[in-house]
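Trainee: Quick one: the structure is below, and I'll ask about it shortly.
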């Protein structure tokens with residue numbers, strides 16, 4: 001029985017080392033030959049996606065580009081007016097076309113497998129810099145980018161949860177203002193962009209703003225319920241923590257396997 005136990009321990013040790021070697025080989029191959037990130041779908045009629053904007057691959061890239069565009073237009077990034085939020089909203093329209101972006105196996109294998117085997121949302125990206133590595137983003141993902149940029153520039157933000165849809169509010173000029181970077185309503189006829197509370201009480205403004213993208217019945221359904229987050233709260237904190245943890249384990253999990261194998265090796269040696 002003792003010999004059989006020792007053989008089992010040796011088998012587990014070598015199995016762990018083999019898995020660690022395979023994991024490390026995959027890790028090196030991924031770094032040297034990264035899988036091309038393939039955005040799902042393609043731009044739809046009405047999308048204003050600009051391929052030249054693909055070079056904005058991180059929040060820092062995006063902010064640097066936006067600040068330069070703001071300076072060229074003659075205003076500062078933070079002036080307690082709507083100029084900068086409107087600029088960011090417009091740039092997001094050019095940066096993405098519509099549709100969820102998901103992790104591939106080479107981006108984050110743990111999140112990828114969790115999404116395939118357990119729940120799609122585990123692989124639906126919420127980490128801002130990772131979202132910006134894709135060309136397509138859903139309403140929640142676009143809003144995450146929008147709010148994170150504006151938080152960094154000193155604006156107060158909050159999430160707006162609608163029925164089957166996600167948007168944001170930004171505070172400037174002493175008021176909250178509604179932004180939907182995904183469906184892109186047009187408030188051009190108003191002197192000031194309204195907040196969500198004003199919108200749900202005034203359907204005429206809603207219908208006019210969304211008439212080019214959604215019919216009145218669809219707008220009634222989307223805005224039939226709404227909920228606001230706390231100010232400056234990240235909208236998917238638990239998923240963010242999971243995806244970051246999964247990324248580090250996907251990248252360095254082979255080290256843990258070697259440590260466990262070493263532990264088994266010591267146990268075997270001490271029993272001999």
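Values quoted throughout were computed directly from the atomic coordinates according to the rules given, and no laboratory measurement underlies them. Quick caveat: nothing in here was measured; it's all calculated off a predicted structure. For neighbour counting, all protein chains shown are included, and Cβ atoms are generated from backbone atoms with ideal geometry for every residue, glycine included.
Trainee: For residue 81 and residue 117, calculate 0.36 nm times their separation in residues minus their Cα-Cα distance, and state this gained length in nm to one decimal.
Mentor: Answer, rounded to one decimal: 8.4 nm.
Trainee: For the modelled label position 7 Å from the Cα of residue 188 along Cα-to-Cβ, which residues of segment 198-213 have backbone nitrogen atoms closer than 15 Å?
Mentor: Flagged as within label range: 208-213.
Trainee: Oh, and also: Based on other C-beta atoms within 10 Å, arrange 251, 181 from fewest to most. Intermediate values should be presented prior to the final figure.
Mentor: Details: 251 16, 181 25.
The order, fewest Cβ neighbours first, is 251, 181.
Trainee: After finding the eigenvalues of the alpha carbon gyration tensor for segment 35-235, what semi-axes result from the square roots of 5 times each, listed largest first in whole Å? Don't skip to the end; give the middle numbers.
Mentor: Working: eigenvalues 141, 90, 52 Å².
The three semi-axes for segment 35-235 are 27, 21, 16 Å.
Trainee: What is the fewest-to-most order of 184, 197 by other Cβ atoms lying within 10 Å of their Cβ?
Mentor: Numbers: 184 20, 197 13.
Least to most surrounded, the residues fall as 197, 184.
Trainee: Taking R0 as 25 Å, what FRET efficiency do you get between residue 69 and residue 213 from their Cβ-Cβ distance, rounded to the nearest 0.05?
Mentor: About 0.55, to the nearest 0.05.
Trainee: Could you check the spin-label model distance between residue 94 and residue 259? Points 7 Å from the Cα along Cα→Cβ, value in nm.
Mentor: Once both label points are built, they end up 4.7 nm from each other.
Trainee: What length, rounded to one decimal in nm, is gained on full extension from residue 55 through to residue 151, with 0.36 nm per residue of separation minus their alpha-carbon distance?
Mentor: On the way: separation 96, 0.36 × 96 = 34.56 nm, distance 2.20 nm.
The span from residue 55 to residue 151 would gain 32.4 nm if fully extended.
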